[in-house]
1. Looking for whichever is assigned to a strand (DSSP E or B), within 30 Å of Gly596 (Cα to Cα) and of a type in the set (Gly, Ala, Ser) here; the options are Gly560, Gly550, Gly541, Gly464. Which one fits?
2. Report the residue count in segment 65-85 for those that are among the β-branched types (Val, Ile, Thr) and part of a loop (DSSP other than H, G, I, E, B).
3. Those residues that are open to solvent by less than 40 Å² (accessible area, probe 1.4 Å) and either under 33 Å from the mean Cα position of the chain (by Cα) or not assigned by the TED database to the domain that holds Tyr429 (or both), I need them from segment 506-523; list them, please.
4. Within segment 60-77, how many residues are surrounded by fewer than 19 Cβ atoms within 10 Å (Cβ to Cβ) and not aliphatic (A, V, I, L, M)?
5. Given the residues Tyr202, Tyr185, which is the only one that is closer than 24 Å to Leu301 by Cβ, in contact with a strand residue (DSSP E or B) (Cβ under 9 Å, 6 or more places away or on another chain) and surrounded by 14 or more Cβ atoms within 10 Å (Cβ to Cβ)?
6. Can you find a residue in segment 139-147 that is more than 22 Å from the chain's Cα centre (by Cα), within 26 Å of Thr102 (Cβ to Cβ) and in a helix (DSSP H, G or I)?
7. Can you pull out every residue in segment 92-122 that is of a type in the set (Lys, Arg), loosely packed, with under 14 Cβ neighbours inside 10 Å and in a helix (DSSP H, G or I)?
8. Is it the case, given these coordinates, that Val605 is at pLDDT 95 or above and outside any strand (DSSP E or B)?
Amino acid sequence: MKTMKKKAKKPIAIRRMNLLFFLVFLFFAGIIFRLSFVQLVEGKNYKTLANTYREKSIPITAPRGLIKDANHQVLVNNKTIWTVTFQINEQQKQDYDQIAETLANLVVKPGEKKEEVKKTILENMDIGPFYKDSKYIPRTILEDVDEKTRAYIEEHKEELPGVEVIPDQMRNYLYKDFMAQTIGYTRKIPAGELEYYQALGYKSSDRIGKQGLEKQYESVLHGKDGYSLVEVNSSYEAIRQKDYVAPVPGNNLILTINKNFQDAVEKALADQVNALRPKYKDVKVGMAVVMNPKTGAVLALANYPRYDLNIWNGLVSQQLYEQIRDYEPNHAIQSGHPVGSTYKPLTILTGLQEKVITTGTIIQDTGRLQYDRRADGSAIVMKNFDGHVYGSLNIQKALQKSSNIFMAEIALRMKQKYGIEKTLERQRYYDHMFGLGVKTGIDLPEETTGITSSAPNYVQHSIGQHDTFTVMQLAQYVSTIANNGYRMKPYLVQAIEEGTQSGTGGRIIYHHEPEVLNKIPMSDQYIQAVKQGMYLVTQPGGTAYSALKGIPIKVGAKTGTAQAANRNKDDNAVFIGFAPYDDPEIAFAILIPYGGTGGSSAGPVARAIVQAYIQQEQIDVTEASVNQQTPTSTP
């Protein structure tokens, strides 16, 4: 009986399975029929439709943020230009070589090689096989073409498939060479950095900051691109716009620099360098930095010579680059030099703090001091500049006269206390405390620390003829003295302003607060004693008297005539100072390599800086004799 029931169930299961297979067959047969119908009957229509209507996303480059001076005067903005783009289209016949040839003939300039221009265009077309960007994104192949070129391309589109001319943005340095090395410039993303920037959302055709503030604040200045989504035909010609996302402009930088004051410093530096060149054959450059010692705000940062930053918007030939190569670096923060007697205030402060002298110490300057012997037994002697003998000197007079003997005596006393190695260690400890031999922290890229000498010459170190320092370091050092031992971090950007579509200023989204890097661990009495000596430097008998004679406010200063590392060249002219003496608002440093003596060669720039400050601040200068009043000094 059970066997009979099992036999009855089997045919029912088989029927159900057959039904399931039949239904599956019908389902797939329907799909195949539909696909065949679409392919064979309607395929031609769909192909025509696909070739007729496509979508293309056209990137819209965001305007880069503006750079403004302290009074919101625009220094750098953007200009609208015509940019030539190229779109790879596999549905069209595109002769890449012929397209590049035609465009090269259009844009090649006198003195340029057409083949080099063509090669650059082909590289920018990014035709593969290994694409920098998706092949569906238009490539920028030429920038800032003239109206004649634009008109030709528009009239010959059939001969240039995939080529379009669109409006775009380019950096515009309004005052050309103004603050050139500090503002910096933009360039196309180098191949070695492309992957990094693409990960951040950049296009291969984008520009990035390559020097100065443009580089330091790239993430602030760079905006967010928008796009226009358009429907195009088979020739990639736009039919209608389907979507539009506006670009977000980059944010604006507001600097600590007042353009008029910077102009005055740049002019004074340029005039003096050019005046020195007939007498000093090796003079090529000059640097000057002015700071607010209380806040660290950089009020002027000048290099000379300068050059027009707008040259970087186009192709820079090797010949053109050779002309500017020596002046492209920001020497004020990158080039170290011996600083000579401008180092002497720190030697005295070191001697006071290390208890080898006191504020009442008197040293006899006989014009000659033996401090070592050579291997052959001959004496190594320190002498004063031009063989001067100054007699009895206290701290203030030693600075006023710039006595090498006084400084060498301090170094010898430290050697007796510590030995040579630790003496140099202590000297450099105080160097770093005042900002010498270390990065100052300024908001610029590629700052250097100068060169630390390997020679154990602690005596030469005491007169600024050992390690090398930058002008930026000198400015921070004298600012620290002027600010009674507080070393402030220098800065160029005081605020960041939100960028707007209209190009006008938006709300302030960041404001810099002054930052104390360190407080010098020494008695205020010591610093005041040195400041008094620096005041005497500007008075009759002082090395800066001629340079600053008649200036109607009190100034503290120190000159330096530093022997160049290359003994076949003239001395470096160096000058540091601060004003007004009683309540300093500016501190400055000037260095003209191979320019001669500090007082006569760098002094005129110092004078111009103080005069520009007086004019800017509209200081009451009716009491013209104020700079002749000597403050009470410690004996």
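The values are calculated or read from the model by the stated rules, or taken from the named source; none is laboratory data. Just so it is clear, the model here is predicted, and its values are computed rather than measured. With ideal geometry, Cβ positions are generated from the backbone for all residues, glycine too; neighbour counts draw on all protein chains shown. What goes into the accessible areas is simple: the full protein's heavy atoms, side chains included, and nothing from ligands, DNA or RNA. Shrake-Rupley method; radii C 1.70, N 1.55, O 1.52, S 1.80 Å.
1. On the way: Gly550 fails: assigned to a strand (DSSP E or B); Gly541 fails: assigned to a strand (DSSP E or B); Gly464 fails: assigned to a strand (DSSP E or B).
When all the criteria are applied, what remains is Gly560.
2. We begin by selecting, within segment 65-85, every residue among the β-branched types (Val, Ile, Thr); these are 67, 74, 76, 80-81, 83-85.
Now narrow it down to the ones that are part of a loop (DSSP other than H, G, I, E, B): none.
Qualifying residue count, segment 65-85: 0.
3. Of the residues in segment 506-523, the ones open to solvent by less than 40 Å² (accessible area, probe 1.4 Å) are 506, 512, 518, 520, 522.
Residues satisfying the conditions are Gly506, His512, Asn518, Ile520.
4. Step one: of segment 60-77, the residues surrounded by fewer than 19 Cβ atoms within 10 Å (Cβ to Cβ) are 60, 70-74, 77.
Narrowing the set further to residues that are not aliphatic (A, V, I, L, M) leaves 71-73, 77.
Counting residues in segment 60-77 that are surrounded by fewer than 19 Cβ atoms within 10 Å (Cβ to Cβ) and not aliphatic (A, V, I, L, M) gives 4.
5. Working: Tyr202 fails: closer than 24 Å to Leu301 by Cβ.
The conditions single out Tyr185.
6. Quick first cut of segment 139-147, residues more than 22 Å from the chain's Cα centre (by Cα) only: 139-147.
Now restrict to residues that are within 26 Å of Thr102 (Cβ to Cβ): 139-147.
With in a helix (DSSP H, G or I) added as a condition, the list becomes 147.
Within segment 139-147, one or more residues are more than 22 Å from the chain's Cα centre (by Cα), within 26 Å of Thr102 (Cβ to Cβ) and in a helix (DSSP H, G or I).
7. Of the residues in segment 92-122, the ones of a type in the set (Lys, Arg) are 93, 109, 113-114, 118-119.
The next check asks that each one be loosely packed, with under 14 Cβ neighbours inside 10 Å; those that pass are 93, 109, 113-114, 119.
The answer is Lys114, Lys119.
8. Numbers: at pLDDT 95 or above: yes; outside any strand (DSSP E or B): yes.
So Val605 passes the test.
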